[in-house]
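Okay, so here's the structure we're looking at.
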Amino acid sequence: MTVTTHNRFTATVLGLPRIGPRRELKRAVEGYWAGRIDAAELERVARQLRAQSWSAAQDSGLDAVPVGTFSFYDQMLDTAVMLGALPPRVAGIGDPLERYFAAARGAEGVEPLEMTKWFDTNYHYLVPEIGPDTRFALDPSALLAELREARELGIAARPVVIGPLTFLALSKGVDGVAPMDRLAELIPLYRDLLARLSDAGAAWVQIDEPVLVRDLSEAELGAVRTTYAALSDGDRRPNILVATYFGSPGPALGVLASTPIEGVALDFRSGTTVSEVAAVPALADKLVVAGVVDGRNIWRTDLGAALSELATLLGSVGALAVSTSSSLLHVPYSLDTETGLDPVLRSWLAFGAEKIDEVRVLAHAVGAGTDAVAAELAASRAAIESRRSDPRLHNAAVRARLAGLGEDRARRAPAQRRRELQRAQLRLPLLPTTTIGSYPQTTAIRTARADLRAGTIDDAQYRERMRGEIADVIALQEKLGLDVLVHGEPERNDMVQYFAEQLDGFAATDNGWVQSYGTRCVRPPILYGDVVRTAPMTVEWITYAQSLTGKPVKGMLTGPVTILAWSFVRDDQPLADTARQVALAIRDETVDLEAAGIRIVQVDEPALRELLPLRRADQEQYLDWAVGAFRLATAGVRDDTQIHTHLCYSEFGEIIGAIAALDADVTSVEAARSHMEILDDLTTAGYALGIGPGVYDIHSPRVPSVSEIENSLREAMKAVPAERLWVNPDCGLKTRGRAEVEASLRNMVEAAARVR
Ligand code: GLN
Ligand code: ZN
């Protein structure tokens, strides 16, 4: 089928944010959980938010609006519901909404689905489970209801679903099931779904298949072909747009184009090039939805450059529509509320609403010529020029310092030598006990921060309260008998934001919230310029803590890769260069901590795995600069100063070599749930340094027993000699309650004593 004028569209986005411009959905969902509002009220808020965002998108000039990207929690979970793939353990819950939230976050006696990162973003999806008992069955009622709702409002609605390949590839097989083996069962369900959407009046459907930007085997490419040949066979269906994003579909593009689908959406901001499109002749009679406006970052688009890409594309496609490169889920709603931002910096930015406007302008130019948008083009050029020439983007001093650091900047003495020096200096017992950094963020701490913001207490009073918290945490650790203490991180709202607020080159937003998972939203800082540390950031707190105890207190810093991963980062230079600047700032902090008498410094890199490129060919280069940045950050201290790092939230399998290459004296990792497999992997990779596999899971309020922890420890000792083993929980304690923390740590210390 060829794309004809009556069914084409020209301006769209791949998805809309859903939390609400003022996080209304978060409040409503949490209100429902707490019993403050009922299901009807929750639905009313949701309906209103959907109506607002669809209308805003259409009024801003989109002629196709994605519908179905709204969710009470997560779109993968919604897809599992639609396909009848919820795990059997929630099947007994009669109320559909209760069942949904039980799958998302657990309920009395019901474990929730696992959660993991959505590709290389900081959004977390729920991992569907496919087991022998999974009986797929289509229930499209939620999507059909939304579609009806949108059409009643006069919205040019394009329903969006997650495709069968992505759904299965991201699911977890249980009891020996390989989810991809069940593909053939899903095809008829999707065909049925397409028929239902067509009956409901949908002219197009968007089927999201981001999994196509990963490396695919020949067999997987074959599955792409058979799936989309089967879905596009038959005419009781809407036109099919297959959306790929977060990278180039590479060989999958030709495969998709060889099937009768009507369109593909491509991400031109992270990998896809216009020449890849030209190389696929079959695209000459398809709609290409060109993602030229970055859906993941917050920089204003260079409209001139985007227009030349679009002009080139016009020559090789059947029809062209302009879009964002991905869903707008990953950026804040609008700049409107950002009145506190420096106006010059603000002029360089585009959040969700502004990106929709950029799409409109570009689509208008494609249709009516560049003269029609001369004013917008000039404004874009001016913003780009203002940004390029801003002195804050090029700090000569920091650049000269980085250039002048010799080859040995990232090198310390051999690990064995360091170990001897540190042993003599620290005199720790066998199996030293410690924690990962944070202690419970109590109401008192949050109140103090709110009071400071509201101006009811001044800076000195705030500091006094934080000192009180630190003193409590030190006293607790002394009482429990831990060996290496921490100050508890009470002064940190967030482990990245805390540093961003103190470094030049970063800006904070007032309302730039994005969904991280469920009702959890984050406000990533904006890293816009050269990064410079103008003063110590943590020394005051750590030295205060150290002054209260004779035991060593670990300094706590966030590593350069994690700071980048959880910020919106400048796109005018390679990430590697930005990472080195952040690393230098952290390095200065480690040196200052050391000079102030701190003998152990931990540099956390929980996001090391998150930024790993999706394609294997790009991974080595990333790991190279990521490891280099960590080493630059940590190699400025003496050999008798002990460097720790902490990693979590991921399967480390693919990056074991890099973990060893970090060359930290001690690495603590999340291992309680992965059963210590990581220890064997690390040993195989030649890792011979200190290791603290988490001996209990902090993600649950349950207090582990002494014997349970003892067993974990004994298991760990099978893989790692006791001389290199540390004893710690698997992550920070900030989300836990005071009483559980005390009980759990008491058992941990006792278990270590028994094993010793
Ligand atoms: N030091 C941090 C804490 O304990 C580490 C957090 C993390 O791993 N994400 O909170
Ligand atoms: Zn952690």
**Fill in**
Rounded to whole angstroms and listed largest first, the alpha-carbon spread of the range 121-200 along its three principal axes comes to 47, 33, 17
**Prompt:** Along the charge dipole of the range 104-176, which of 161, 173, 113 sits closest to the positive end, that is, farthest toward it, with unit charges on the beta carbon of Lys, Arg, Asp and Glu (+1, +1, -1, -1)?
**Reply:** 161
**Request:** Ratio to report: Rg/Rh of the range 1-156, with Cα atoms as the point set and Rh obtained by the Kirkwood method; give two decimals.
**Result:** 0.99
**Prompt:** Quick one: 487, 394, fewest Cβ neighbours within 10 Å first, how do they rank?
**Reply:** 394, 487
**Complete:** Checked the range 80-224 with the C-alpha gyration tensor, a ≥ b ≥ c its square-rooted eigenvalues, rounded below a/c of 1.5, otherwise prolate if a/b is larger than b/c and oblate if not; verdict oblate
**Prompt:** Under 30 Å Cα-Cα from residue 286, which lysines qualify once same-chain neighbours fewer than 8 residues away are excluded?
**Reply:** 355
**Asked** For the range 582-715, what is the per residue volume of the convex hull drawn over the alpha-carbon atoms, in cubic angstrom?
**Response** 130 Å³
**Asked** Cβ under 9 Å from residue 559's Cβ, residue 559 left aside: what net charge do those residues give with Lys, Arg +1 and Asp, Glu -1?
**Response** -2
**Request:** When a/c is below 1.5 the answer is rounded, else prolate if a/b is larger than b/c, else oblate, so apply that to the chain with a ≥ b ≥ c taken from the square roots of the Cα gyration tensor eigenvalues.
**Result:** prolate
**Asked** Which value in deg cm²/dmol, rounded to the nearest 500, describes the helix-derived mean residue ellipticity at 222 nm for the chain, given -39,500 (n - 2.57) per DSSP H run of n ≥ 4 and division by the residue count?
**Response** -13000 deg cm²/dmol
**Prompt:** Of the peptides 456-467, 342-353, how do they stack up when ordered by the mean number of other Cβ atoms within 10 Å, highest first?
**Reply:** 342-353, 456-467
**Asked** Where Lys and Arg each count +1 and Asp and Glu each count -1, what net charge lies around residue 273 among other residues with Cβ under 12 Å from its Cβ?
**Response** -2
**Complete:** Answer in debye to the nearest 20: the dipole magnitude of the chain about its Cα centre, from +1 Lys/Arg and -1 Asp/Glu charges placed on Cβ, is 960 debye
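Can you give the net charge of the other residues whose Cβ lies under 9 Å from the Cβ of residue 12, counting K and R as +1 and D and E as -1?
Overall, the nearby charge balance is 0.
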**Message:** Going by average Cβ density within 10 Å per residue, which order do the peptides 630-636, 35-41 take, highest to lowest?
**Reply:** 630-636, 35-41
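Computed from the coordinates by the stated procedures, all read-outs in this text should not be read as laboratory data. These figures come from a predicted structure and were not determined experimentally. All Cβ positions, glycine included, derive from the backbone under ideal geometry; neighbour counts span all protein chains shown.
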